[in-house]
1. Residues being touching a helix residue (DSSP H, G or I) at 6+ places or on another chain (Cβ under 7 Å), at pLDDT below 95 and under 30 Å from A:His10 (Cβ atoms): count how many of those fall in the range A:98-112.
2. Just to check your reading of the model, which residue among B:Gln45, B:Gln38 is within 12 Å of chain A (Cβ to nearest Cβ), under 27 Å from A:Arg36 (Cβ atoms), without any contact (Cβ under 8 Å) to a residue 60 or more places away in the chain and within 12 Å of the chain's Cα centre (by Cα)?
3. Out of all the residues in the range B:102-113, is one or more among the charged types (D, E, K, R) and within 11 Å of another protein chain (Cβ to nearest Cβ)?
4. From (1) surrounded by 13 or more Cβ atoms within 10 Å (Cβ to Cβ); (2) touching a residue at least 40 places away in the same chain (Cβ under 8 Å); (3) not in a strand (DSSP E or B), pick out the condition that doesn't hold for A:Ile60.
5. Whether any residue in the range B:77-94 is touching a Ser or Thr at 6+ places or on another chain (Cβ under 7 Å), surrounded by fewer than 18 Cβ atoms within 10 Å (Cβ to Cβ), within 11 Å of chain A (Cβ to nearest Cβ) and not small (Gly, Ala, Ser) is what I want to check.
6. Applying the selection to the range A:18-31, what residues are farther than 12 Å from B:Ser101 by Cβ and not in a loop (DSSP other than H, G, I, E, B)?
7. Looking at (1) in contact (Cβ under 8 Å) with a residue 40 or more places away in the chain; (2) under 16 Å from B:Lys22 (Cβ atoms); (3) among the aliphatic types (A, V, I, L, M), which one does B:Leu66 not meet, given that it meets all the others?
8. With over 16 Å from A:Ile79 (Cβ atoms), under 14 Å from the mean Cα position of the chain (by Cα) and either in contact (Cβ under 8 Å) with a residue 40 or more places away in the chain or buried (at least 18 other Cβ atoms within 10 Å of the Cβ) (or both) as the only criterion, which of A:Ser48, A:Ser27 stands out?
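The values are calculated or read from the model by the stated rules, or taken from the named source; none is laboratory data. All figures in this text were calculated on a predicted structure; none of them were measured in a lab. Using ideal geometry, Cβ is built from the backbone for each residue, glycine included, and neighbour counts are taken over all protein chains shown.
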Amino acid sequence: EPEVTQTPSHQVTQMGQEVILRCVPISNHLYFYWYRQILGQKVEFLVSFYNNEISEKSEIFDDQFSVERPDGSNFTLKIRSTKLEDSAMYFCASSDRAPSNQPQHFGDGTRLSIL
Amino acid sequence: GENVEQHPSTLSVQEGDSAVIKCTYSDSASNYFPWYKQELGKRPQLIIDIRSNVGEKKDQRIAVTLNKTAKHFSLHITETQPEDSAVYFCAASILERGYSSASKIIFGSGTRLSIRP
């Protein structure tokens, strides 16, 4: 069964540095998402992306964050000037168009640790 | 915006018994309700979903019910087994006609289900 793949599995970064989290969605999927989960808490929506543009973003997704689909297979989340509170598990998800744009399939996540 | 409340936060049941997790949502426009199971350190995995045009859906030992009027939906797991132990998240989403944009999922706070042998 095809899966969403995310790299790296664990990223450790100094506060203030920039990080790029990478995702390869399922190949025929058209809708892409990033979520985050702070340890022990619920999964929170960050941003959704379709047709080469952001569909929606949450209040968490401020100017510090950006997303990009640089080619036909990758979907990246960039976090600039990282803060301690950015430490979390970041999940990428993707979904197909037919018969609707759900369900979403999640990757294994990238655990981001800011020191 | 949409808010999804979930309870209980923890649930312990005897193996073989049933487990019920309940959720409420705030936005009456929500029309898609997935349930995800998350084992420790793993990805959320879809176990069942329901759309607002049906009131109940069943898949083997798992069933979900939806009451649109009350904005309630519930997950029922029968004949629980040790491998059912995990955190379960309910969620809600609004699917737009034509799917011209991606549809975010709003998650509940999770229920940690433990199955006692």
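1. Residues of the range A:98-112 that are touching a helix residue (DSSP H, G or I) at 6+ places or on another chain (Cβ under 7 Å), as a first pass: A:100-101, A:112.
With the extra rule that they be at pLDDT below 95, the set shrinks to A:100-101.
Filter once more, keeping what is under 30 Å from A:His10 (Cβ atoms): none.
Looking only at that region, the number is 0.
2. On the way: B:Gln38 fails: without any contact (Cβ under 8 Å) to a residue 60 or more places away in the chain.
Selected residue: B:Gln45, the only one of B:Gln45, B:Gln38 that is within 12 Å of chain A (Cβ to nearest Cβ), under 27 Å from A:Arg36 (Cβ atoms), without any contact (Cβ under 8 Å) to a residue 60 or more places away in the chain and within 12 Å of the chain's Cα centre (by Cα).
3. yes
4. (2)
5. Yes - at least one qualifying residue is present in the range B:77-94.
6. Of everything in the range A:18-31, those that are farther than 12 Å from B:Ser101 by Cβ and not in a loop (DSSP other than H, G, I, E, B) turn out to be A:Val19, A:Ile20, A:Leu21, A:Arg22, A:Cys23, A:Val24.
7. The number of the failed condition is (1).
8. A:Ser48
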